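The values are calculated or read from the model by the stated rules, or taken from the named source; none is laboratory data. As the structure is a computational prediction, the values presented were derived from the model and not from experiment. Positions of Cβ are backbone-derived with ideal geometry, glycine not excepted, and every protein chain shown enters the neighbour counts.
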Amino acid sequence: MSVSSNLYIHELDRSALAALKAIPGFTAVLKGFMKIWSEKQFRIQNMATKLRINEKQLSKYYDMLPPICEKLGIEVPELYLELSGSPNSYTSGDTKPFIVVTSGLLEKVPEHLIPTVLAHECGHIACHHVLYHTMGNMIINGAAGMFELGDLITYPIQIAFYKWMRCSEYSADRAAAICDGTVENMKELCACFAGYNRKIGSINMEAFMEQAVEYKEMTEGSNWNKVLEFAMVSEDTHPLNAVRAYEINSWGMSEQFINTTNYIACTDGNYSFVPLADSDKFFVGKEYKAIEEELHQIGFRNVKLAREVEGKDKYKKDAVIRISIDGVIGFERASWHNADSEVVITYFDPLTKEEIAAQHPDEICVPHGAKWYVGGEYQKVYDIFKELGFTDITVEKLPDLKRIKLLEDLRDAGRSLINNKPDATKGASTKENTVATLSIGGNSQFEMESWFKPDAPVRITYHVYSDNI
């Protein structure tokens, strides 16, 4: 079972990205970048200068990818080997992202940690970091000027990109820990990038974590130390190794991590707790059958449907109105729930014509509201109500004084006509023999599709000129 990135995206990642997007000028930079961005160019460069790792080439590394991608719910990306003595890996692209590992990484990092490295890079893909990472690297490396974007790149945008890229690493670290089922490999990897090598001896991980805690306490305990830290890392794309180790170790003790790893590890579908990666607002308005199926796939075993027939002006047919869990309406993003919880999906499905008719036995449905008939030729209106089945229809000429008052009123109020319907702003017709007023059972303000008894009195008055009265 794969999991949504919403379950492990770091809070600093979200806030830093929001801050980056809020900087004036960022939208212009993004639009400019998308105009010159060519994913195909990257692939051509990879194919020409790097070694592609696949089922036929260094397959033991490629075979590490599919299980990782299955857990994170992404397609298997292309994997390349780059000649470099520096241990490194990175991911680029957008619609077809790819991962590059260096020869120095495979030589210097223990083989049991290579899946952790690959899971980290796949985490960037799952979290949708890759396009912004590619854009950020181009800006940071000075390539933006080559594409005439230099004038758009301000110092605040650069600093914000640096910060977000650092924070995004925390989310990718979490993805790696989820795939490993433990945070220990990620902590060891941080130690490796800090200088540890098994060839020079064993590592005391507790001592390394104590070092990380001491660093956190030192920087958080002094404003000046915070300034020094900012000066040191403000133009780094990755957080400090000890800080990364501290962050992943802290998350490894969280309920979120425990629930997520248990969820992925369950292979028989008999989950204890299941996640809702998005808040309840995400589901509102979506087609209820698709949401019902999704909740079953997530692992909820007790999903029920509740039909709501009122609200045609608010909701689309078959749209989810709300979801409750064990009677409670509303839940937050990345929340966990008992798999046996009663989940009720309330959706909108208005009554059918047949259902409405069943609620009005021995009654007649008038298809239009009262105003619709006013201004129509009275004989045709009479025939309509006769065909509908009304048995008590009276037609009267409008008295002259009453007609004059109505003429004044109708001059300001638009009326719809049965045959010739002029612009409502021009007022309704007051031609001879057109309907002036209409009521059913004494009600002259009824709406469309109103119901009445067949013997309800229908009263129609129509216009005539004075000399014809």
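Tabulated results
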read-out	value
Condition check for Lys199: surrounded by 12 or more Cβ atoms within 10 Å (Cβ to Cβ) and basic (Lys, Arg)	no
2 or more residues under 17 Å from His133 (Cβ atoms) and at pLDDT below 90: qualifying helices (runs of 4 or more DSSP H) within segment 6-98	26-36, 39-49
Residues of segment 348-391 classified as farther than 21 Å from Glu310 by Cβ, touching a strand residue (DSSP E or B) at 6+ places or on another chain (Cβ under 8 Å) and exposed (fewer than 14 other Cβ atoms within 10 Å of the Cβ), total	2
Residues located in segment 220-247, provided they are more than 29 Å from Met138 (Cβ to Cβ), of a type in the set (Ser, Thr, Tyr) and crowded, with 16+ Cβ neighbours inside 10 Å	Tyr246
Residue match in segment 110-124 (condition: small (Gly, Ala, Ser), modelled with pLDDT of 95 or more and surrounded by fewer than 22 Cβ atoms within 10 Å (Cβ to Cβ))	no
Restricting segment 87-119 to residues that are in contact with a Ser or Thr (Cβ under 8 Å, 6 or more places away or on another chain) and touching a residue at least 60 places away in the same chain (Cβ under 8 Å), the residue that is nearest to Met34 (Cα to Cα)	Val117
Scan of segment 271-297 for residues that are under 25 Å from Phe257 (Cβ atoms), aliphatic (A, V, I, L, M) and modelled with pLDDT of 95 or more, ordered by number	Val274, Leu276, Leu295
Some residue of segment 207-217 being hydroxyl-bearing (Ser, Thr, Tyr) and in contact with a Lys or Arg (Cβ under 9 Å, 6 or more places away or on another chain)	no
Residue match in segment 6-19 (condition: more than 23 Å from Asp173 (Cβ to Cβ), in the same structural domain as His129 (by TED's automatic domain parsing) and small (Gly, Ala, Ser))	no
Among (1) under 17 Å from the mean Cα position of the chain (by Cα); (2) on the phi < 0 side of the Ramachandran plot; (3) of a type in the set (A, V, I, L, M, F, W, C) - the single one Ala334 does not satisfy	(2)
Residue within segment 155-169 that is in the same structural domain as Ala22 (by TED's automatic domain parsing), farther than 25 Å from Tyr8 by Cα and β-branched (Val, Ile, Thr) present	yes
Failed condition for Ala319, given (1) under 30 Å from Tyr462 (Cβ atoms); (2) within 36 Å of the chain's Cα centre (by Cα)	(1)
Number of positions in segment 299-320 that are crowded, with 18+ Cβ neighbours inside 10 Å and out of contact with any helix residue (DSSP H, G or I) (no Cβ under 9 Å at 6 or more places or on another chain)	2
Meets criteria (at pLDDT below 95, touching a Leu at 6+ places or on another chain (Cβ under 8 Å) and outside any loop (DSSP other than H, G, I, E, B)) for Leu406	yes
Of all residues making up segment 6-49, the number that are of a type in the set (Val, Ile, Thr) and within 23 Å of the chain's Cα centre (by Cα)	3
